[in-house]
Amino acid sequence: MSLRVRVETSVAPAAESVLDEADFVIGRADNAGLVIAESSVSRKHARVVAREGGWWIEALSPTNRTFVNQHAIDEPQQLQTGDVVSLGQATVTILGTDVSATETVAEPAAPSPEEVRQAARLRTLNEIHRALATPISLAELLDLILQRCFDVLRPEEGIILLRNAAGELTPAATHRSDPGDGDVVVSRRIIEEVAGKGQSALVLDAPMDERFLGSESIIVSGVKSVLAAPLTDAEGTIGMIALSSRIAVRQFSQQDLEMLESLASAAALRVRNVALAEEAAARKVLERELALAHDMQMSMLPRHMPDRPEIDVAASLTSARSVGGDLYDFVLVGDHLWFIVADVSGKGVAASLYMAVAKTLFRATVQIDGITLSDALGRMNRELCRDNDQMIFVTALVGHMALSTGELSLADAGHNPAMVISPDGLVEQPAIQKSIAFGVIDNAVFAESPLVLARSATLLLYTDGATDARNPAGDIFGEVAFERAVAAGGKDTVDALVAGIVNTVDQFSADAPPEDDLTLLAIRWKGPVESEI
């Protein structure tokens, strides 16, 4: 018993098939007797059974109707030669309805070579589309496509080329009918025709084909016949597949080219999906690593403010990216509070690593007995200049305060100016001598500038992430708006002052991505500790 059909879908060329089972299912399921890789077809769409001297079809899907000659069927219906069965966007045309060989005198005619090849094409397409639905790797899929091409089209050599990150076409899979040592190659002219123009190529006699006349690579390679198709998706041509023969002219047909185009389309879809999946996996790994780096960087900042009755201290650091190059720190050494606010050039991981180095140098240097501010900065600068091939530099404002008197010594290494907020909220910029940033000149000298804070006055240090912030329209927050934000919170506690400035900048920026890291450090001198009598 047998049933000959022609299957037409929106994803593959029409193909004929001979079905020998007396009871089979039509649908997308891998175990269906007639697999139709079409998304509009149910996994088990319809059932075909041989009985009562004929072939009968019944609908199985409760949601997707089955039509015979454009009429929906609700009960089993006998099929006749010429009937057209519609399932979603696919059609199955009945070409022959032999039920039993014993009912005829003559033996059924053997299928023609073309019918055999069409059946093989259909099986190959079904197998490839089933493979797309499995967790097969890209390399395994490409090898499978080439292997099935050899089973059906019988070329001598096959190759699949894919574009790498640089946009160059490189071999991703190759296959030979007879194992050999040489590489499988494809003519540059073929690559230009197929991958360059996005057009399929059917070449029956390459040396005599007008498209390749004068092509030295064709002559040198010895290729005589070629079947090639581009791998194209919505974003363009990502590669190509080429089958070739060197020994004799292979009479590929237009149907062969259509089959190869279908396979190329399936491969292109999978390549893009795999690439997107790999990119997503890589992003997840990077995001986890950056999150860990962010946690490590934040853990390097002081966990607690200095617990001294003479001062109130508040600080904030917001990175423009997961990790950044800003830092603040302070160290109590006897009666003195050493402090720093710094900004490493650049952003991201490199800046964060340099930030960690600068912070470590600060802590190690200022705790040297009797060291002056200028000497401490000189030592830090020499170490940051050492092996600085990347020419990274650090701007910083560093100083120390005598807690008993409010006396300050400040040094400005190419940084934003400090601000002093008087007890009544008046904001001014003290005169501090400028020096060059760290990491530029190894023998740089850093000048100290003295300053005395009045009782309840506040020293505010910051980085340019505050003044350089932009809103969605591209406007810069600027120094004037920053001074207004400082003045607005000048009489508040230092915690409220810092939080208010950050909130004002955030409101101005709205949803615009931050331009730079934003760091604030506020130190209010409350006065000396009254001695008990």
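Just one of the listed residues (523, 501) is closer than 23 Å to residue 412 by Cα, within 38 Å of the chain's Cα centre (by Cα) and not in a loop (DSSP other than H, G, I, E, B), namely 501. Across segment 356-373, a minimum of one residue is classified as in contact with a Ser or Thr (Cβ under 6 Å, 6 or more places away or on another chain) and over 27 Å from residue 485 (Cβ atoms). Would you check which residues across segment 2-60 are outside any strand (DSSP E or B), among the small types (Gly, Ala, Ser) and open to solvent by less than 10 Å² (accessible area, probe 1.4 Å) and list them? Once the filter is applied, which keeps residues that are outside any strand (DSSP E or B), among the small types (Gly, Ala, Ser) and open to solvent by less than 10 Å² (accessible area, probe 1.4 Å), segment 2-60 yields only 29.
Filtering segment 201-216 to residues that are at pLDDT 75 or above and buried (at least 18 other Cβ atoms within 10 Å of the Cβ) leaves 201, 203.
When 143, 151 are screened for being surrounded by fewer than 17 Cβ atoms within 10 Å (Cβ to Cβ) and modelled with pLDDT of 75 or more, only 151 passes. Report the residue count in segment 450-471 for those that are open to solvent by 10 Å² or more (accessible area, probe 1.4 Å) and part of a strand (DSSP E or B). The total comes to 4.
Test residue 437 against the criterion of being closer than 22 Å to residue 522 by Cβ and either without any contact (Cβ under 8 Å) to a residue 12 or more places away in the chain or touching a Phe, Trp or Tyr at 6+ places or on another chain (Cβ under 8 Å) (or both), and give yes or no. Taking the combined requirement at face value, the residue does not satisfy it.
Whenever a residue of segment 360-388 is under 13 Å from residue 440 (Cα atoms), its partners that are open to solvent by 80 Å² or more (accessible area, probe 1.4 Å) and part of a loop (DSSP other than H, G, I, E, B), lying with C-beta atoms within less than 6 angstrom and at least six residues away or across chains, give the pairs 382/442; 385/442.
For segment 94-120, taking the residues that are crowded, with 17+ Cβ neighbours inside 10 Å and either in a loop (DSSP other than H, G, I, E, B) or among the polar types (S, T, N, Q) (or both), the one that is modelled with the lowest pLDDT is identified as 99.
Taking segment 472-504 as the range and being touching a helix residue (DSSP H, G or I) at 6+ places or on another chain (Cβ under 6 Å) and open to solvent by 30 Å² or more (accessible area, probe 1.4 Å) as the test, only 504 passes. Those residues that are modelled with pLDDT of 70 or more, open to solvent by 70 Å² or more (accessible area, probe 1.4 Å) and either more than 26 Å from the chain's Cα centre (by Cα) or within 13 Å of residue 200 (Cβ to Cβ) (or both), I need them from segment 219-245; list them, please. Of everything in segment 219-245, just one residue is modelled with pLDDT of 70 or more, open to solvent by 70 Å² or more (accessible area, probe 1.4 Å) and either more than 26 Å from the chain's Cα centre (by Cα) or within 13 Å of residue 200 (Cβ to Cβ) (or both), namely 224. Does residue 511 meet the test of being within 45 Å of the chain's Cα centre (by Cα) and under 23 Å from residue 355 (Cβ atoms)? Considered against the rule, which asks whether it is within 45 Å of the chain's Cα centre (by Cα) and under 23 Å from residue 355 (Cβ atoms), residue 511 comes out as no.
The values are calculated or read from the model by the stated rules, or taken from the named source; none is laboratory data. Quantities reported herein were computed from a predicted structural model and do not represent experimental measurements. With ideal geometry, Cβ positions are generated from the backbone for all residues, glycine too; neighbour counts draw on all protein chains shown. Quick note on the areas: whole protein, heavy atoms, side chains included, nothing else; ligands and nucleic acids left out. Shrake-Rupley method; radii C 1.70, N 1.55, O 1.52, S 1.80 Å.
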